[in-house]
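Some notes on the structure that comes next.
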Amino acid sequence: MFDSIKKIFSSEDDLPVNTTGKPNISREKSAELYAKAKTYFPGGVNSPVRAFKSVYGTPLFIEKGDGSHIWDADGNEFIDFCCSWGPLILGHNNAKVRERVIEVMQNGMSFGAPTALENELAELILKNNKFVEKLRFVSSGTEAVMSAIRLARGYTKRDKILKFEGCYHGHTDALLVKAGSGLVTFGETSSAGVPKAFADETIVVSLNDTEALKKAFEEFKDQIAAVIIEPIPANNGLLLQSKEYLQFLREICTQNGTLLIFDEVISGFRIGFEGAAGLYQIKPDILTYGKIIGGGLPVGCYGSSDEIMGSVSPDGPVYQGGTLSGNPVAMAAGIAQLTEVLRMGFYRDLANKTEEFTASIQRFASARSYKFKVFTIGSMFWFAFTDKETITKAEEIDPASMDKFKVMHHELINRGVYLGPSGYEVGFISSAHTKVDLERAKRAIFDSLDLVFNTK
Ligand SMILES: *Cc1c(COP(=O)(O)O)cnc(C)c1O
């Protein structure tokens, strides 16, 4: 035990000094927990990005969260912009969500039989979202996407799907596929264990490229079951697409009898209650949700028209089920959270707050001529070390710029600001982030930027 801890400490010693004038924050307890975790889990984690491989140091083990703040095992306090990767739009440990969950838990945790809570969450969604007529609850975003793909294939009786380089859709086999070389390519698997035969059914093209799309539809005429896109790609930087491009996508799918799937696992209930579909007023054929929908508990969902959902079992031939699907405790968290976001002005206030925060950071960076751009939409933001005005494709991100993010991340950790541990991840602002939090965070970000740009 002692030896493994010592090893981690010596790697901790490799941490660069920071410029706060104080030593690096203490990570003794986190390091101890991480040493143990590494004997239990691959890489010491239950989801890879948590392992801090793209930033300095080892993962912080979080002990509690409240509002916009989290505390790690060593008692360090941070203003949190990861927000559990997006689900916590009301911040940590929201009282309304917590109380509803506790109330429901008093009656038991799971029945494997229908409950009124499933109806309640469904009604809340369907009454306030004109893009979905019927839905099915599952337990994660990955599961929602996997089911949506199967539904599209079952409904259209076609096998191929088309996805975009730079969009993430969870870890379902068919979508762990990246572009090969060329305008339109069969995907190459991006994970071991995905049969080549699966990847052969997935076509990959660049974002924001109408020619590539046209070519794909010519080459694979009447074979493409579905096109899947994050309408606001937010898993590989924030690659904002134009409304015109998304409209083009809608039209080309319609012309070819291909279903358009909007994967709104991040953007759903984040960019307004109706997500990106509502923002752009574009109606996809199938929608997937996750993250915010479960109020911090594991919930995913896919939905479509009454007619298309008629293909799902037991009504139709497309099989999909789940032991814990529609779990009452998870439904309760979702109901409580979605009830809050439906309050008048919720999204406007959140977007205004984010806009003020990001604009002020951009002004600071621009005034100093730093090659730094804050991309933002709604309550999401992405820090890009670039001088490009727009970035709409994965290929436009310079991998070398991630070195700068790494330094910034280290400086911010030491200044009590927690960002997701990779420069490809976006940040999230919750309704719990106060003016004081954002002012404090801004100052930390300014100092970190000065360091990043003046020491290199
Ligand atoms: C997070 C995410 C997923 C996967 O959801 P999990 O709950 O992690 O399985 C799928 N699609 C998008 C767009 C996501 O952001």
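The values are calculated or read from the model by the stated rules, or taken from the named source; none is laboratory data. Small disclaimer: the values here were computed from a predicted structure and weren't measured. Neighbour counts run over all protein chains shown; Cβ positions are idealised from the backbone, glycine included. Surface areas here come from the heavy atoms of the whole protein model, side chains and all, with no ligands, DNA or RNA. Shrake-Rupley method; radii C 1.70, N 1.55, O 1.52, S 1.80 Å.
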With -39,500 (n - 2.57) per DSSP H segment of 4 or more residues and division by the full residue count of the chain, the 222 nm estimate, nearest 500 deg cm²/dmol, is -11500 deg cm²/dmol
With the 8 Å Cα cutoff and a minimum separation of six or more residues, the chain has a relative contact order in percent of 21 percent
Toy charge model, Lys and Arg Cβ at +1, Asp and Glu Cβ at -1: the range 7-145 dipole around Cα centroid in debye, rounded to 20, equals 300 debye
FRET efficiency (LYS435, GLU395; Cβ distance; R0 45 Å; to 0.05) is 0.75
Scaled by the rule-of-thumb 2.2 N^0.38 Å, the alpha carbon Rg for the range 319-398 gives a ratio of 1.64
Straight-line reach check, LYS130, cutoff 23 Å on alpha carbons, 8 or more apart in-chain or any other chain, hits among lysines -> LYS243, LYS283, LYS291
Check: C-alpha center the range 369-407 vs C-alpha center the range 329-353, spacing in Å is 29 Å
Of the listed links LYS406/LYS442; LYS178/LYS393; LYS353/LYS373, those spanning more than 23 angstrom between alpha carbons are none
With a Förster distance of 41 angstrom and the Cβ-Cβ distance between GLU251 and HIS171, calculated FRET efficiency to the nearest 0.05 equals 0.85
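Tell me, in nm to one decimal, what length is gained between ASP200 and ASP14 on full extension, where the rule is 0.36 nm per residue of separation less the Cα-Cα distance?
In short, 62.6 nm is gained.
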For the range 246-384, the Cα convex hull volume per residue in Å³ comes to 147 Å³
Note to self: C-alpha centroids of the range 177-252 and the range 81-134 sit apart, in Å, by 32 Å
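Tally up the carbon and sulfur contribution to the accessible surface of the chain as a whole percent, 1.4 Å probe, everything protein left in place.
That fraction is 52 percent.
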Pseudo-spin-label distance SER190 to ALA359, built 7 Å along Cα→Cβ, given in nm, is 3.4 nm
The size of the Cβ-based charge dipole (Lys, Arg +1; Asp, Glu -1) of the chain about the Cα centre, to the nearest 20 debye, is 420 debye
Two pseudo-spin positions, 7 Å from Cα along C-beta at THR39 and at ASP450, lie apart in nanometres by 4.5 nm
With 0.36 nm assigned to each residue of separation and the Cα-Cα distance removed, ASP66 to ASN46 gains 4.9 nm
Counting only protein heavy atoms and leaving out ligands, DNA and RNA, the solvent-accessible surface of ARG443 at a 1.4 Å probe, in Å² to the nearest 10, equals 140 Å²
Tilt, helix 210-219 to longest principal axis of the chain (alpha-carbon atoms), in degrees rounded to tens, equals 40 degrees
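Within 14 Å, Cβ to Cβ, of LYS373, how many net charges do the neighbouring residues add up to if Lys/Arg are +1 and Asp/Glu are -1?
+1
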Percent relative contact order for the range 249-356, counting Cα pairs under 8 Å at least six residues apart, stands at 22 percent
For the pair TYR319 and ASP403, the simple spin-label estimate (label points 7 Å beyond Cα toward Cβ) gives in nm 5.2 nm
Rounded to the nearest whole number, the Stokes-Einstein translational diffusion coefficient of the chain at 37 °C and 0.692 mPa s (Kirkwood radius, C-alpha pairs) in µm²/s is 142 µm²/s
Expressed in µm² per second, the diffusion coefficient of the range 159-297 from the Stokes-Einstein equation, with Rh the Kirkwood radius over alpha carbon pairs, at 20 °C and 1.002 mPa s, is 141 µm²/s
Restricting to Cα pairs under 8 Å and 6 or more apart, the percent relative contact order of the range 96-341 works out to 30 percent
Mean Cβ-within-10 Å packing, highest first, puts peptides 353-364, 314-325 in the order 353-364, 314-325
For GLU32 the rounded accessible area (nearest 10 Å², probe 1.4 Å, non-protein molecules ignored) is 90 Å²
One finds, for GLU123 and ASN93 with R0 = 25 angstrom and r their Cβ-Cβ distance, a FRET efficiency to the nearest 0.05 of 0.45
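How much area per residue is accessible in the chain when the probe is 1.4 Å and only protein heavy atoms are counted (Å²)?
Result: 43 Å² per residue.
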Cα extents of the range 96-341 per principal axis, largest first, Å, are 57, 34, 33
